[in-house]
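These notes concern the structure reproduced below.
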Amino acid sequence: MSTLLSVENLHKAFRVSSSRPGAPKRLLKAVDGVSFTIKAGETLGLVGESGCGKSTAGKLLLRLIEPDDGIIRFDGKTVTGMAKRELTALRRDMQMIFQDPYSSLNPRMRVGDIIGEPLIIHGLAKGQQVREQVLSLMTKVGLSAEHFDRYPHEFSGGQRQRIGIARTLAVQPRLIVADEPVSALDLSIQAQIINLLKDLQQEFSLTYLFISHDLGVIEHVCDRVAVMYLGRIVEVADAELFYSQPRHPYSEALLNAVPVPDPQNVRQHQILKGEIPSPIDPPSGCHFHPRCPYVQEICRQEYPSLVEQAPTHQSACHFSSEVGRFRQSRS
Amino acid sequence: MSTLLEVSNLQTFFFTGDGLIKAIAGIDFTIDRGETLALVGESGCGKSMTALSLLRLVPEPGRIVDGNILFDGIDLLHMPEEEIRRIRGNRIGMIFQEPMTSLNPVFRIGDQIMETLLLHRGYDKREATELAAELLHKVGIPEARQRLKEYPHQLSGGMRQRVMIAMALACDPQVLIADEPTTALDVTIQAQIMDLLGQIKAERDMATLLITHDLGVVAENADQVAIMYAGLIMETAPVKELYGDPRHPYTRGLLACIPRVGERRKRLVPIEGSVPRAGAAEKGCSFLERCPETFAPCHDKHPPLKEVQPGHWVRCWQVQ
């Protein structure tokens with residue numbers, strides 16, 4: 001497979017005002033030197049807890065937020081520094097699905113118009129063609145023709161997410177950034193949408209960046225996984241490798257913290273100490289060191305770079321080879 | 001173990017401009033001392049409304065129209081408002097999903113914890129301050145004494161949830177109602193909070209009503225499980241039995257559709273259709289439209305609960 005998207009050393013910091021009035025504004029490094037690639041046709045999962053910068057990273061790719069530094073390349077073209085007109089054309093190829101199906105659809109527009117709008121904006125169809133294409137898209141995502149003239153409030157969360165997906169597909173994108181696309185949905189509906197996204201990927205050869213905090217969902221959707229912590233990627237690996245043998249202590253802790261729906265095999269969780277630190281003032285050295293069970297002196301001083309530990313497996317940890325030690329000694 | 005809370009035929013309806021909504025259409029359950037009952041269901045199934053009904057906090061235009069709630073032998077539904085106020089937050093504690101909406105943003109954390117102690121326990125201010133600091137320490141908040149002087153916005157989500165737990169525990173409740181206590185939290189913090197609740201429950205022999213949609217959290221923390229759908233309990237059983245031998249098609253569907261960690265599958269098995277609005281079906285089984293296993297009786301009448309094993313009840317025509 002060829003590389004469709006590559007990101008090098010991406011940076012984005014926000015100025016945030018201090019809680020004390022009059023104090024100077026401080027820098028929140030939301031994305032702090034992130035690099036990764038996505039191959040055509042694959043799904044890369046971006047996992048992390050709230051505030052780790054995963055959503056910001058997704059928006060930076062489409063330049064919905066402007067990066068401070070770094071290079072984004074899509075299909076050989078450099079997205080960073082691209083002029084506005086060119087960027088508009090490129091956005092046909094790169095689309096986004098949002099988490100909240102309640103706030104991402106215009107409540108005053110009919111479903112047919114919501115889905116058809118991008119076709120008109122990008123000049124892909126007019127008149128009767130628009131209606132035809134919209135109806136065909138609606139069928140693809142599991143909506144029926146009778147929904148065409150209805151308004152978003154008449155739909156459930158799952159159906160609204162289908163509307164959002166149909167709108168995304170209208171411009172025939174190649175890459176879709178899906179930001180927590182099933183997190184707001186009920187359990188029985190999540191599986192419907194996950195299956196739909198997988199079917200559409202097959203049918204239209206889509207490439208996904210799938211952003212989620214849910215490790216179960218990620219495992220069922222993704223070919224590769226990247227884990228973010230406080231603005232940086234700490235591990236990237238093939239999904240199978242990641243789930244069977246994580247190489248970063250934070251990934252290990254995340255996997256261990258997920259409650260397992262099997263009362264016959266209730267395991268002891270390795271409870272991670274402490275809170276997720278503020279990204280405004282991250283810990284020195286490796287950002288994870290205050291919570292890490294493997295911590296040594298060097299971790300407090302030096303940030304470990306992301307290096308290849310095994311083929312298709314990178315992690316940023318001074319003691320990557322030791323990860324799993326605690327797991328083994330426990331069982 | 002003895003029964004501490006007994007709910008029978010509870011019905012809570014909403015009398016809206018658009019008609020009658022049966023949010024809770026007649027449910028029964030009991031919780032023993034020291035036991036955790038998990039009430040599981042999707043949005044609108046009535047699980048949160050059950051929690052509010054237990055405390056008689058159902059918002060307008062809702063009303064409890066029928067049923068009985070016995071708590072330690074006391075009839076909660078028919079006592080005067082003043083008396084239930086003495087039980088609420090005192091003998092029955094509550095934790096809600098979003099701590100930011102349950103904490104008052106303009107009061108210091110210390111004052112909010114102390115309020116229950118001053119109101120229900122008759123402590124003086126100094127004793128209450130001492131105890132509040134002790135409680136914060138107990139729920140794992142460092143520098144408890146300084147934190148008492150802070151406001152809710154100065155704390156992280158996990159810390160706020162700990163404050164809520166400290167408030168709920170202040171009066172040493174016999175029953176704790178925890179409505180989605182970790183849903184708004186990150187998974188590493190969720191593990192910390194559930195661990196804390198488990199410790200407290202063991203120490204105090206406290207009964208817990210755990211309301212959640214997360215079947216992982218249920219498996220690890222509940223003794224008994226009740227599955228709710230459209231205002232009714234569809235299946236209830238001890239936790240191992242429910243996961244090991246689910247009898248209701250809805251329970252089976254829920255267990256099948258979870259994307260589990262460590263079990264990479266090609267395709268998930270969803271439950272078709274959409275989650276019904278509160279109290280929809282009038283005729284036939286409320287799960288009818290989404291059920292893969294319907295037959296003739298399902299269309300006519302709603303099935304009653306039937307005991308298929310001791311302590312394992314199922315509301316489905318297939319087991320009748």
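Remarks
- If R0 equals 35 Å, the separation of the Cβ atoms of A:Leu64 and A:Lys39 corresponds to a calculated FRET efficiency of about 0.95.
- Span per principal axis, largest first, for the Cα atoms of chain A (Å): 68, 53, 47
- Computed [θ] at 222 nm, helices only, for chain B once each DSSP H run of length n ≥ 4 contributes -39500 (n - 2.57): -9500 deg cm²/dmol
- Of all DSSP beta bridges in chain A, antiparallel share, percent nearest 5: 60 percent
- Sites B:Val106 and B:Arg85 - FRET efficiency at Förster radius 25 Å, r taken between beta-carbons, to 0.05: 0.65
- Region A:1-61: trypsin sites (Lys or Arg not before Pro) in DSSP coil with no more than 15 other Cβ atoms inside 10 Å: A:Lys25
- Relative contact order of region A:85-153, defined on C-alpha pairs under 8 angstrom at six or more residues apart (%): 39 percent
- Note on region A:184-306: Cα-only Rg and Dmax are 16.8, 51 Å.
- The angle between the Cα long axis of helix B:187-204 and the longest principal axis of the Cα atoms of chain B comes to about 80 degrees, rounded to the nearest 10.
- Prolate/oblate/rounded call for region A:89-153, Cα gyration tensor, a/c under 1.5 rounded: oblate
- Eligible lysines near B:Lys125 by straight Cα distance, threshold 16 Å, same-chain separation 8 or greater: B:Lys149
- Part-to-part distance (alpha-carbon centres) for region B:209-248 and region B:96-174, which is given in Å: 31 Å
- For the listed peptides B:213-223, B:303-313, a ranking on the average number of other beta carbons within 10 Å per residue, highest first, reads B:213-223, B:303-313.
- Taking label positions 7 Å along the Cα-Cβ direction at both A:Val171 and A:Glu240, the computed distance is 3.6 nm, reported to one decimal.
- Taking every Cα-Cα distance in region B:47-165 and sorting them into 10 Å bins starting at zero, the pair-distance distribution P(r) comes out as 12, 38, 31, 17, 2 percent.
- Each Cα pair under 8 Å and six or more residues apart adds its sequence gap; the mean of these over the residue count of chain A is a relative contact order of 19 percent.
- Backbone N atoms of region A:37-66 closer than 16 Å to the 7 Å Cα→Cβ label point of A:Lys77 belong to residues A:61-64.
- Computed label-point distance, nm, for sites A:Leu124 and A:Lys84 using a 7 Å Cα→Cβ extension: 2.3 nm
- Region B:1-81 shape via C-alpha gyration tensor axes, a/c threshold 1.5: oblate
- Volume per residue of the C-alpha convex hull in the protein assembly as shown, rounded to whole Å³: 180 Å³
- The trypsin sites (Lys or Arg not before Pro) found in region A:68-135 that occupy coil by DSSP, while having at most 14 further C-beta atoms within 10 Å, are A:Arg108, A:Lys126.
- For A:Lys54, the lysines whose Cα comes closer than 30 Å to its Cα, not counting residues fewer than 8 places off in the same chain, are A:Lys12, A:Lys25, A:Lys29, A:Lys39, A:Lys77, A:Lys84, A:Lys140, A:Lys198, A:Lys273, B:Lys266.
- Label-point separation in nm, B:Gln199 to A:Arg110, each point 7 Å along Cα→Cβ: 6.0 nm
- Footprinting exposure proxy for A:Leu124, B:Leu20, B:Leu169 (fewest neighbouring C-beta atoms within 10 Å first): B:Leu20, A:Leu124, B:Leu169
- Per residue of A:187-200, other chain Cβ atoms within 10 Å of the residue Cβ number 6 on average.
- Karplus-derived 3J(HN,Hα), 6.51/-1.76/1.60, for each residue of region B:42-49, Hz, glycine and proline x: 9, 4, x, 7, x, 5, 6, 5
- Percentage relative contact order, region A:283-328, counting C-alpha pairs under 8 Å, at least six apart: 31 percent
- Antiparallel %, DSSP beta bridges [both residues in the protein assembly as shown], to 5: 65 percent
- For the pair region A:73-142 and region B:59-81, the centres of their Cα atoms are 52 angstrom apart.
- Within 10 Å of each Cβ in B:183-195, the average number of Cβ atoms from other chains: 6
- For region A:142-240, DSSP calls about 55 percent of its internal beta bridges antiparallel.
- For region A:303-308, 3J(HN,Hα) computed residue by residue from phi via the Karplus equation (6.51, -1.76, 1.60; θ = phi - 60°) reads 7, x, 7, 6, 10, 6 Hz, glycine and proline entered as x.
- Between helix A:128-140 and chain A: long-axis angle, C-alpha atoms, 0 to 90°, nearest 10: 40 degrees
- The mean number of Cβ atoms from other chains found within 10 Å of a Cβ in peptide A:172-178 is 0, as a whole number.
Every read-out reported here was derived from the displayed coordinates using simple, explicitly stated rules and does not represent laboratory data. Nothing here was measured: the structure is a model prediction, and the numbers come from that model. Quick reminder, even Gly has a Cβ in these numbers, built from the backbone with ideal geometry, and neighbours come from all protein chains shown.
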